[in-house]
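Bear in mind these aren't lab numbers, they're just calculated from the coordinates by the rules spelled out. No experiment lies behind these values; they were computed from the predicted model shown. Glycine also receives a Cβ, built like all others from the backbone with ideal geometry; neighbour counts cover every protein chain displayed.
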Amino acid sequence: MSSPKFASEISRLPKNKMIGVKVENIDVLIANLDGKIVALSNICTHAGCRLSGGTLTGTIAECPCHGSRFDLLTGEVRDGPTARPLRKYEVLIEGERIMIGL
């Protein structure tokens, strides 16, 4: 991972929740999937809505605007209308800090 950037504190992210953060002007979705922290683009590849305003069920995030569903472990699309996956970022945990590689 090249030069990881601070994204959030683990205490802000309870298990099975997701939040949106800005890291160097990039809109990032961070999710705690039953203890596994993942980071992906927070912008739906269909119409540009923020996924952090949607719902999380298991490892699947649903966009609040048009219902596209993404697997947060891989970024892959599970249901459309979008056909493009989310960009995934590397995650590094340093103590209580969530760091991501952009």
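Averaging the Cα positions of each part gives two centres, and for region 1-34 and region 45-72 these lie 16 Å apart.
If you plug the beta carbon distance of Ala83 and Ser11 into 1/(1 + (r/R0)^6) with R0 = 35 Å, you get a FRET efficiency near 0.45. Pairs of C-alpha atoms in the chain farther apart than 20 Å represent 29 percent of all such pairs.
From most to least packed by mean Cβ count within 10 Å, the peptides 80-89, 67-76 give 67-76, 80-89.
Mind giving me the FRET efficiency for Glu24 and Thr57? R0 is 25 Å, r the Cβ-Cβ distance, nearest 0.05 is fine. After rounding, the FRET efficiency stands at 0.25.
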